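The values are calculated or read from the model by the stated rules, or taken from the named source; none is laboratory data. Being a predicted model, the structure only gives us computed values, none of them experimental. We place every Cβ from the backbone using ideal geometry, glycine too, and count neighbours over all the protein chains shown.
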Amino acid sequence: MDKKEIVNVLERISVLLELKGSNPFRTRAYQNAARALEASSISIGGDISAKELEKIKGIGSRIAEQIQALARDDDLDLLRELAEDIPPGVIDLLKIPTLGPKKIKYLYQTLKIENISELELACEENRLSGLPNFGPKTQENILKGIQSVKKYSGSFLYADIYKQAVEVLENIKSHKLVQKADLAGSIRRKKEIIRDIDMVAATDKPQQVMDFFLSLEQVSDVIARGASKSSIKLNTGIDVDIRAVSPLQYPYALHHFTGSKEHNTAMRSMAKKKRIKINEYGLFKNGTLIGCKDEKDFFNVFKMEYIPPELRENYGEIEAAKEGRLPKLVKKQDIKGIFHIHTDFSDGSMTMLQACSYLKGLGMQYAGITEHSKTAAYARGLKEAGIEEYFKEIEKVEKTLEDFTIFKGIESDILPEGELDYSDDILDEFDFVIIAIHSHFNMQEKKMTDRIITAIKNRHSTMLGHPTGRILLARDPYKVDIARVIDKASEYGVDLEINANPHRLDLDWRMVKYAKNKEVKIFINPDAHHLENLNDYMYGVDIARKGWLEAKDVANTMDRHKMRKYLKEKRSR
DNA sequence: GCCGTTTTCGGCCCGACTGTTTTCAGTCG
């Protein structure tokens, strides 16, 4: 089993233990271990040593052994035993809001409810109402929850809901009693998938702000209404939570509601050792508030650097902030040029001139045009005969634009055996080559990994495009040992792409950090087919930041002269 | 199950809201 699968197993054990009602701290130990393993840069092979694993904080002797067993045999007695006790459908019940492990366990034991459909039927037949601690309201809420899960997946793409979030936020800000308001939660942390929108408002009259919030025209349902905290469902299906606090409490509340839960837990635990209590209202030493005017002050109380929201995942940011070694995260302004652009030469809708003029208008210095290669017939991939015309067009457009460089590129398919689909002679003519998988997704992991590594070894390869092939909320990544791919990319001097298309955001930020540790450079590319997609590179910058990247880690922060030299050196390796 | 400036046992983050109760457990973030 590879690292990612082992992380999944540990998370699964945690969920199963929770459903069994085991010691909650044991449950959390597995969760923590999963995160710790995921965040570590350790490489997992069949011969991984327990000692090596135990060095990771959060992994003790017992779990180290279990990870060893998983890496070696793909098997674990504990998991098998737990899975025998609990049918797979029961785990799905956790997706239903208002339903947690305790209630699920009870329903499973008393009513033998094993999946969502059975639960729905039981609610409709009024079998829940009347059970101890279950009343008519609970039953109704569960039914509502099931409908919501069925109708919406319960998850949303960041790009799809960001606008709605800002719209609601602007509404809140417009209220005369609101002094300050910000987005918080996963959207502020720039997670690729968002389950709900969180915001915090500073006001001296929380009740009036709550009333205003609940009366917004986008509200389709009120989930909770409290004196300082409320939740609503928007008519687009996503929930919004808002918290109103006094202006004095605002920085603490903003930190609290930005999370993540794991970051907060670790911060509180750390604070507690210094006899400081953290809650959403403040930092308290012996019951006395430690004043902070903003989040920067907040971290400063613990002699920590300010931790940007993107990094607050308890992936090592707390230790790094204490030691003053947080990265200076890459910014949108650092990006000097854009690669991975499809024009109407293959399956794009814009002309080359439109794309490049637009980028120049954004202040960019260069573009790397990449049409699909010939195997991608569905996308009108370039046949050998069309390449000369393609180059001529590039040269023509380049001449019309002053101080702007266009690099001649191709997105070359990686064929099933790992070969590229043009001859060496032809590949030699391009300034750069993005290698990528577009077919034969269903391969065994080893075969897929070897296929990609074979392509990485090709001296023409500049970078690996959308490295795992995932489509968020739609298609799983193909089976690939991405850590091994990154190791080989590092060895052979091939870069990796963060595909910034909001449906992809591939490479995943967790692995971006891994790539950084392996000194693999990253290109942030929009994979644009339409003019408006060219701006998507900004989502890629968010992901790069979330993966701890600095400007020097991102290839397309180079100016156009350095980039030309860089690409040339890559070709001659 | 993990961990240690309260160290090898005894803790393990903190609070709001809901729905069920009649003082609180469960869920959520």
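Of note:
- Entry remark, region A:219-235: residues being touching a residue at least 12 places away in the same chain (Cβ under 8 Å) and in contact with a Ser or Thr (Cβ under 7 Å, 6 or more places away or on another chain) number 4 in total.
- A:Ile426 falls short of the stated requirement of being crowded, with 23+ Cβ neighbours inside 10 Å, in contact (Cβ under 8 Å) with a residue 12 or more places away in the chain and hydrophobic (A, V, I, L, M, F, W, C).
- Count of residues meeting criterion [under 30 Å from A:Asn533 (Cα atoms) and more than 12 Å from DNA strand B (Cβ to nearest atom)] in region A:130-154: 3
- Unmet requirement for A:Asn314, which otherwise passes all of (1) more than 21 Å from the chain's Cα centre (by Cα); (2) in contact (Cβ under 8 Å) with a residue 24 or more places away in the chain; (3) within 12 Å of DNA strand B (Cβ to nearest atom); (4) not in a helix (DSSP H, G or I): (1)
- Of all residues in region A:258-275, those that are within 20 Å of A:Arg189 (Cβ to Cβ) and outside the structural domain of A:Asn32 (by TED's automatic domain parsing) have Cβ atoms under 7 Å from Cβ atoms of residues that are within 6 Å of DNA strand B (Cβ to nearest atom) and small (Gly, Ala, Ser), 6 or more apart or on another chain, in A:Thr258/A:Gly185; A:Gly259/A:Gly185.
- Which listed residue is under 29 Å from A:Leu507 (Cβ atoms), surrounded by 14 or more Cβ atoms within 10 Å (Cβ to Cβ) and away from DNA strand B (no atom under 11 Å from the Cβ), from A:Lys3, A:Lys95: A:Lys3
- Consider region A:11-57 and keep the residues that are in a helix (DSSP H, G or I) and small (Gly, Ala, Ser). The one that is farthest from A:Arg312 (Cα to Cα) is A:Ala50.
- Test: residue in region A:196-203 that is over 27 Å from A:Tyr539 (Cβ atoms), touching a residue at least 40 places away in the same chain (Cβ under 8 Å) and more than 9 Å from DNA strand B (Cβ to nearest atom): yes
- Count of residues meeting criterion [in contact (Cβ under 8 Å) with a residue 60 or more places away in the chain and within 13 Å of DNA strand B (Cβ to nearest atom)] in region A:59-74: 1
- Check on A:Ala69, more than 28 Å from the chain's Cα centre (by Cα), under 20 Å from A:Glu5 (Cα atoms), at pLDDT below 90 and surrounded by 14 or more Cβ atoms within 10 Å (Cβ to Cβ): no
- Within region A:320-366, considering residues that are touching a helix residue (DSSP H, G or I) at 6+ places or on another chain (Cβ under 7 Å) and among the polar types (S, T, N, Q), the one farthest from A:Ala528 (Cα to Cα): A:Gln365
- Residue in region A:225-237 that is of a type in the set (D, E, K, R), assigned by TED's automatic domain parsing to the domain that holds A:Arg189, within 29 Å of the chain's Cα centre (by Cα) and surrounded by 14 or more Cβ atoms within 10 Å (Cβ to Cβ) present: yes
- With respect to being of a type in the set (Val, Ile, Thr) and more than 8 Å from DNA strand B (Cβ to nearest atom), A:Ile278 falls outside the description.
- Comparison of A:Gln109, A:Gln164, A:Gln179 shows that the only residue that is within 16 Å of DNA strand B (Cβ to nearest atom) and not assigned by TED's automatic domain parsing to the domain that holds A:Asn501 is A:Gln109.
- Residue within region A:23-39 that is at pLDDT below 85 and buried (at least 16 other Cβ atoms within 10 Å of the Cβ) present: yes
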